[in-house]
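Working notes, structure below.
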Amino acid sequence: MPSVVFRRAAWSRHLNLAIEMVGIDKRFPRVVANSAASLTVAEGEIHALVGENGAGKSTLMKILYGLYAPDAGTVRVMGKEMRTFSPATSIAAGIGMVHQHFMLVPTLTVAENVVLGMEPRFGPWFDSAQAEHEVAEMSTRFGLAVEPRAKVESLPVGVQQRVEILKVLARGAKVLILDEPTAVLTPGEIEELYATLAKLKAEGRTVVLITHKLKEVKAASDRLTVLRRGATVGTAVTAEVTEEKIAEMMVGRAVAMKVDKKTAKPGDGVLSVKGLQAAGVGPVTFEVRAGEIVGIAGVEGNGQSELLECLSGLRASRIGSVALGGIDLSRSGPSAWFKAGLAIIPEDRQKRGLVGEFTVADNLVLGRHREARFVKRGFVRAAARDAEAAGLVKKFDVRPAEIAVEAQTLSGGNQQKAIIAREVSRQPRLLIAAHPTRGVDIGAIEFIHKAIVSERDRGAAVLLVSSELSEILALADRVLVMYAGQVAGELKSAEATEKKIGVLMAGAKL
Amino acid sequence: MRRLGHTILLRSIPPALALGAAMILGLVIVAAAGHNPFGVMRNVVEAAQRSYGLRDDLAYVLLYATPLIFTGLSVAVAFRAGLFNIGGLGQVLIASLLCGYVGWKLASWPAIFAVPACITIAALGGAAWAAIAGALKAWRGSHEVIITIMLNFCAIAITDSLANGPWKAQGMTPQLPEIGACAKLPRLGAHPPGTEAGAPAIGIPLFPGHVQLNASIFIALLAAAGVWVLLFKTVRGYELRAVGHNPEAARAAGISVNRVTISAMAISGALAGLAATDFVMGKNYNFRQDDGLGYARGAFIGIAVSLMGQNHPVGILLAAILFGAMERTGFLLGDVPKDIVMILQAAVILFVISGNELFGRMLARKGVTT
């Protein structure tokens, strides 16, 4: 394989190593999570750990954080070898982890959250003044602007993340592990996070950034290490490699970063939304025509979920109307929507897209299971179901290509491919794709994007909801930006830039 | 097929371990109560061979198992739909009352119509009673556990007032008049000498005639087969299981969760109600309030049977026979308190529940799926 193995940059030899993980093996009974993985991070650098889902990034970091003990290999933190593995020893050694899902108590204040478990006391009482003072001091020192007395539940996600970082710093962390930190942030907040990371670095802290977003790697890191199938494929100075190169290292083959698509030829209106209002959304008015992809951008929690529920019969709209193919469905349930020609890739595949305990075959007909070809006098036509499922698994490259396994045993990307296979097989008039590539490998992203574009070219109207700007920009022919439950602006694909969308997403005017 | 065998094997490990653990606990308790556990075991084995011998025991085990099959299946169908039906008591009572009433009123009908009519009314009665809980859950969001418990008390009050009031047979006992001979289910064994002539019998030589084991066990076996077909072969069963596993996904896929909830409760109630075919048509030949209440209480053991049987019809058949055997053992214990059987049953339930959980976690850690 022609993959380049990058040599360790010469300068790092002269620096002290914060972390040195060598020859790490970690096996689970049916999975080899890490095999001969290694990671070397110099003190005071921002190091990106990249790889697809299941490449072993999380396992490697969990070993470093003491949650797992490795089967083989050595771990050195600040030059000292770790002999026992537990979060307590790792924290004592100066390792801190900011989890993807925040571990904060929403009803407590910022200061109370930061000092939780090591509260300053005044006699038997909690010394809140002292806690607030300490937090304020740390906040200025690291440039992490927070109001110590604010309740966490009232804070935007970006600020909550700062609280998490402060919490880790308060415990004396010298090395901070950040797990997919930008997943929940607006473009503006992402910029602020980068600034925070730079500040941490200036303060002499070391940062390990777990991510699969290449832009983030390029923007924030000094060096990077790529994992593939549990092993370290290479390490490089970020400035010296291109995004394409990193992607190739992650996947093991060249990946098309751009989606190949022709100009849209929009036809008749398919979905028409007029003055729609429901709890958390509206009033909203827009139209999606046959043969075009309309992208809905926006920070999560600005009414997209509610809108999607209105557009699939899961939530009743109070005011206004929604029609699919001329049929008013404002007060109809999901089955009427499907009958009118809807297919939907739901935003939460575990919750709405699949029945995890069902086999892949059963899942591939879920929602279509009452079609005449799958039923004979009330009985399931198992042969027809299995034939359909086998065909879809093959066509959409769901792995393992096995229809009798439980869907919950598939990886996230393959679960998503199975859902897309099922929904596309409905031959829909309207395809709604909500965050279709969330948590999906780069290789699969390419495939999913192609599938969506080919649905458009077949003549389906496509509504794409995504918080990934790059996805919206790559796929959408028209972009609507949602803010606070309303459409804050509409941009043609030619005039849509990341900056313009970012401004609208943050609630400002262009 | 290899996968299927694998699954069956994996799923039968927790109940088997639970049974073993419960037995050991039982022996420890027997010892703690001041008996020699091995002596007790020997006594039970000897007692089992006395009088009619093992034929007798087999018949009793099947007799006790019959209602447990019905109520176990009832609980399992609800479980599969994500519902906990603990209203078996009420459903059995209401079904028995109606079955006894119809059997009494249709005394002049030919058996070929009377028997199906009584079976149908038993199923419908249980179904309607349980569907109340299903409907309240679907439309009002009331929790089915609360509602089915409440309905148990309602059922006791209704049967009590009718068996003491307008439908009461002559005499002091709160009961309905006897059902017609045409509505009676035959016993499996031969007529014992000197029993009342009103009891029909098939006369299978294997079974002693004095045991009330009757043809309702065939209805139970048919019901088990029916549940298997329903759950795993029909579209309705597919929808029912989808709702049980993931109601959100089912709803998003266009399945009416409300309809499935109501119909699953109705089917569950119908299965419980069919126990009336054993109690009224096969054993008592009338509805009697006090006996009926005692009989219907057995529905709670149906929950344990369903758990032990992993909510699968085949498992439920085996578990019902096991619980029947435990019940029978209680009569053979001699001077050891019969309470030990209840302790044993309770221990099995606890071990199965905790065993399922632990075993599931262990498998998950090892990445094995069932």
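The values are calculated or read from the model by the stated rules, or taken from the named source; none is laboratory data. Model, not experiment: these values are computed from the prediction. All Cβ positions, even for glycine, are placed from backbone atoms using ideal geometry, and neighbour counts span all protein chains on display. Areas reflect the complete protein model, heavy atoms only, side chains present, ligands, DNA and RNA absent. Shrake-Rupley method; radii C 1.70, N 1.55, O 1.52, S 1.80 Å.
Could you list, in sequence order, the residues of the stretch B:42-83 that are on the phi < 0 side of the Ramachandran plot, assigned to a loop (DSSP other than H, G, I, E, B) and out of contact with any His (no Cβ under 9 Å at 6 or more places or on another chain)? Full working, then the answer.
First, pick out the residues of the stretch B:42-83 that are on the phi < 0 side of the Ramachandran plot: B:42-50, B:52, B:54-81, B:83.
From the residues that got through so far, the ones that are assigned to a loop (DSSP other than H, G, I, E, B) too are B:50, B:52, B:81, B:83.
Scanning the stretch B:42-83 gives B:Arg50, B:Ala81, B:Leu83.
State whether the residues of the stretch A:278-296 include one that is in contact with a Lys or Arg (Cβ under 7 Å, 6 or more places away or on another chain), closer than 30 Å to A:Ala484 by Cα, without any contact (Cβ under 8 Å) to a residue 60 or more places away in the chain and of a type outside the set (Asp, Glu).
yes
Tally the residues that are within 7 Å of chain A (Cβ to nearest Cβ) and in contact with a His (Cβ under 9 Å, 6 or more places away or on another chain), restricting the search to the stretch B:230-248.
3
Within the bounds of the stretch A:363-381, is there any residue that is assigned to a loop (DSSP other than H, G, I, E, B), touching a residue at least 60 places away in the same chain (Cβ under 8 Å) and over 19 Å from A:Ser466 (Cβ atoms)?
First pass over the stretch A:363-381, keeping only residues assigned to a loop (DSSP other than H, G, I, E, B): A:365-371, A:377-378, A:381.
Right, trim to touching a residue at least 60 places away in the same chain (Cβ under 8 Å) and you get none.
Looking through the stretch A:363-381, none of the residues is assigned to a loop (DSSP other than H, G, I, E, B), touching a residue at least 60 places away in the same chain (Cβ under 8 Å) and over 19 Å from A:Ser466 (Cβ atoms).
Out of A:Arg318, A:Arg385, report the one residue that is in contact (Cβ under 8 Å) with a residue 24 or more places away in the chain, more than 30 Å from the chain's Cα centre (by Cα) and surrounded by 17 or more Cβ atoms within 10 Å (Cβ to Cβ).
Working: A:Arg318 fails: surrounded by 17 or more Cβ atoms within 10 Å (Cβ to Cβ).
Result: A:Arg385 is the single residue among A:Arg318, A:Arg385 that is in contact (Cβ under 8 Å) with a residue 24 or more places away in the chain, more than 30 Å from the chain's Cα centre (by Cα) and surrounded by 17 or more Cβ atoms within 10 Å (Cβ to Cβ).
Condition (residue is within 27 Å of B:Cys154 (Cα to Cα), of a type outside the set (D, E, K, R) and buried (at least 21 other Cβ atoms within 10 Å of the Cβ)) applied to the stretch B:307-316: is it met by at least one residue?
Initial filter on the stretch B:307-316 (within 27 Å of B:Cys154 (Cα to Cα)): B:307.
Pick out the ones that are also of a type outside the set (D, E, K, R) and you get B:307.
If we keep only those that are buried (at least 21 other Cβ atoms within 10 Å of the Cβ) too, we end up with B:307.
Within the stretch B:307-316, one or more residues are within 27 Å of B:Cys154 (Cα to Cα), of a type outside the set (D, E, K, R) and buried (at least 21 other Cβ atoms within 10 Å of the Cβ).
Here is a yes/no grid of residues against (1) outside the structural domain of A:Lys167 (by TED's automatic domain parsing); (2) open to solvent by 70 Å² or more (accessible area, probe 1.4 Å); (3) at pLDDT 90 or above:
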position: A:Asn113; (1), (2), (3): no, no, yes
position: A:Thr140; (1), (2), (3): no, yes, no
position: A:Leu144; (1), (2), (3): no, no, no
position: A:Glu153; (1), (2), (3): no, yes, no
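When the residues of the stretch A:429-452 are filtered to those that are touching a residue at least 60 places away in the same chain (Cβ under 8 Å) and open to solvent by less than 10 Å² (accessible area, probe 1.4 Å), which remaining residue is farthest from A:Pro181 (Cα to Cα)?
A:Leu430
Checking the condition part of a helix (DSSP H, G or I), touching a helix residue (DSSP H, G or I) at 6+ places or on another chain (Cβ under 6 Å) and either open to solvent by less than 40 Å² (accessible area, probe 1.4 Å) or within 9 Å of chain B (Cβ to nearest Cβ) (or both), which residue from A:Gln408, A:Gln415, A:Gln350 passes?
A:Gln415 is the lone residue from the list that is part of a helix (DSSP H, G or I), touching a helix residue (DSSP H, G or I) at 6+ places or on another chain (Cβ under 6 Å) and either open to solvent by less than 40 Å² (accessible area, probe 1.4 Å) or within 9 Å of chain B (Cβ to nearest Cβ) (or both).
Only helices (runs of 4 or more DSSP H) wholly contained in the stretch B:244-318 count here; list those with 1 or more residues that are under 12 Å from the mean Cα position of the chain (by Cα). Show your work before the answer.
Numbers: elements: B:247-252, B:257-273, B:289-297, B:299-308.
Helices (runs of 4 or more DSSP H) meeting the threshold: B:257-273, B:289-297, B:299-308.
For the stretch A:323-351, name all the residues that are of a type in the set (A, V, I, L, M) and in contact (Cβ under 8 Å) with a residue 40 or more places away in the chain.
Of the stretch A:323-351, the ones of a type in the set (A, V, I, L, M) are A:323-324, A:327, A:329, A:336, A:340, A:342-345.
Answer for the stretch A:323-351, where residues must be of a type in the set (A, V, I, L, M) and in contact (Cβ under 8 Å) with a residue 40 or more places away in the chain: A:Ala323, A:Leu324, A:Ala340, A:Leu342, A:Ala343, A:Ile344, A:Ile345.
Hey, among A:Glu216, A:Glu192, A:Glu248, which residue is farther than 30 Å from A:Ile327 by Cβ and touching a Phe, Trp or Tyr at 6+ places or on another chain (Cβ under 9 Å)? Walk me through it before giving the result.
Working: A:Glu192 fails: touching a Phe, Trp or Tyr at 6+ places or on another chain (Cβ under 9 Å); A:Glu248 fails: touching a Phe, Trp or Tyr at 6+ places or on another chain (Cβ under 9 Å).
Of the residues listed, the single one that is farther than 30 Å from A:Ile327 by Cβ and touching a Phe, Trp or Tyr at 6+ places or on another chain (Cβ under 9 Å) is A:Glu216.
I'd like the full set of residues that are over 13 Å from A:Gly252 (Cα atoms) and open to solvent by 10 Å² or more (accessible area, probe 1.4 Å), limited to the stretch A:224-236.
Across the stretch A:224-236, the qualifying residue is only A:Thr235.
Going through the stretch A:315-342 one residue at a time, which ones are touching a helix residue (DSSP H, G or I) at 6+ places or on another chain (Cβ under 9 Å), aliphatic (A, V, I, L, M) and within 11 Å of chain B (Cβ to nearest Cβ)?
A:Leu342
Looking only at residues that are open to solvent by less than 10 Å² (accessible area, probe 1.4 Å) and within 15 Å of A:Phe102 (Cβ to Cβ) in the stretch A:170-190, which one is modelled with the lowest pLDDT?
So in the stretch A:170-190, the residues open to solvent by less than 10 Å² (accessible area, probe 1.4 Å) come out as A:173, A:175-178, A:181-182.
Add one more test, that the residue is within 15 Å of A:Phe102 (Cβ to Cβ), and what stays is A:176-178, A:181-182.
Working: A:Leu176: 94, A:Ile177: 94, A:Leu178: 92, A:Pro181: 86, A:Thr182: 82.
Per the stated criteria, the residue is A:Thr182.
Does the stretch A:242-266 hold any residues that are open to solvent by 20 Å² or more (accessible area, probe 1.4 Å), aliphatic (A, V, I, L, M) and in contact with a strand residue (DSSP E or B) (Cβ under 9 Å, 6 or more places away or on another chain), and which are they?
Scanning the stretch A:242-266 gives A:Val251, A:Ala264.
Would you check if A:Glu309 is open to solvent by 10 Å² or more (accessible area, probe 1.4 Å), assigned to a loop (DSSP other than H, G, I, E, B), modelled with pLDDT under 95 and within 11 Å of another protein chain (Cβ to nearest Cβ)?
Working: open to solvent by 10 Å² or more (accessible area, probe 1.4 Å): yes; assigned to a loop (DSSP other than H, G, I, E, B): no; modelled with pLDDT under 95: yes; within 11 Å of another protein chain (Cβ to nearest Cβ): yes.
No, not satisfied.
Does the stretch A:382-405 hold any residues that are within 14 Å of another protein chain (Cβ to nearest Cβ), assigned to a helix (DSSP H, G or I) and touching an Asp or Glu at 6+ places or on another chain (Cβ under 9 Å), and which are they?
Within the stretch A:382-405, A:Arg385, A:Ala389 meet the criteria.
Hey, can you tell me all the residues within the stretch A:199-213 that are open to solvent by 10 Å² or more (accessible area, probe 1.4 Å) and in contact (Cβ under 8 Å) with a residue 60 or more places away in the chain? Lay out the reasoning, then the answer.
Kept after step one, since they are open to solvent by 10 Å² or more (accessible area, probe 1.4 Å), are these residues of the stretch A:199-213: A:199, A:201-205, A:212-213.
Result: A:Lys201, A:Glu203, A:Gly204, A:Arg205, A:His212.
How do the strands (runs of 3 or more DSSP E) wholly within the stretch A:33-125 filter down when requiring 3 or more residues that are over 29 Å from the mean Cα position of the chain (by Cα): which remain? Walk me through how you get there before you give the answer.
On the way: elements: A:46-50, A:72-77, A:95-98.
In the stretch A:33-125, the matching strands (runs of 3 or more DSSP E) lie at A:72-77.
Checking A:Leu67 against (1) open to solvent by 70 Å² or more (accessible area, probe 1.4 Å); (2) within 30 Å of A:Ala150 (Cα to Cα); (3) not charged (D, E, K, R), which test does it fail?
(2)
Just the residues that are charged (D, E, K, R) and over 25 Å from A:Ile448 (Cα atoms), please, taken from the stretch A:371-418.
First, the residues of the stretch A:371-418 that are charged (D, E, K, R): A:371, A:373, A:376-377, A:381, A:385-386, A:388, A:394-395, A:397, A:399, A:402, A:406, A:417.
Selection gives A:Glu371, A:Arg373, A:Lys376, A:Arg377, A:Arg381.
Give A:Ala239, A:Ala220, A:Ala279 a once-over and let me know the one that is outside the structural domain of A:Asp328 (by TED's automatic domain parsing) and open to solvent by 40 Å² or more (accessible area, probe 1.4 Å).
Working: A:Ala220 fails: open to solvent by 40 Å² or more (accessible area, probe 1.4 Å); A:Ala279 fails: outside the structural domain of A:Asp328 (by TED's automatic domain parsing).
None of the others qualify; the one that does is A:Ala239.
Given the condition modelled with pLDDT under 90, open to solvent by 70 Å² or more (accessible area, probe 1.4 Å), more than 21 Å from A:Val237 (Cα to Cα) and outside any strand (DSSP E or B), answer yes or no: does some residue in the stretch A:4-20 qualify?
Taking the stretch A:4-20 first, the residues modelled with pLDDT under 90 are A:4-17.
Now narrow it down to the ones that are open to solvent by 70 Å² or more (accessible area, probe 1.4 Å): A:5, A:7-8, A:11, A:13-16.
Going one step further and asking which of them are more than 21 Å from A:Val237 (Cα to Cα), we end up with none.
Scanning the stretch A:4-20 turns up no residue that is modelled with pLDDT under 90, open to solvent by 70 Å² or more (accessible area, probe 1.4 Å), more than 21 Å from A:Val237 (Cα to Cα) and outside any strand (DSSP E or B).
B:Gly88: in contact with a helix residue (DSSP H, G or I) (Cβ under 8 Å, 6 or more places away or on another chain) and not hydroxyl-bearing (Ser, Thr, Tyr), yes or no?
On the way: in contact with a helix residue (DSSP H, G or I) (Cβ under 8 Å, 6 or more places away or on another chain): yes; not hydroxyl-bearing (Ser, Thr, Tyr): yes.
Considered against the rule, which asks whether it is in contact with a helix residue (DSSP H, G or I) (Cβ under 8 Å, 6 or more places away or on another chain) and not hydroxyl-bearing (Ser, Thr, Tyr), B:Gly88 comes out as yes.
In the stretch B:148-179, what residues are open to solvent by less than 30 Å² (accessible area, probe 1.4 Å), among the aliphatic types (A, V, I, L, M) and closer than 17 Å to B:Ile94 by Cβ?
B:Leu151, B:Ala155, B:Ala163, B:Leu176, B:Ile179
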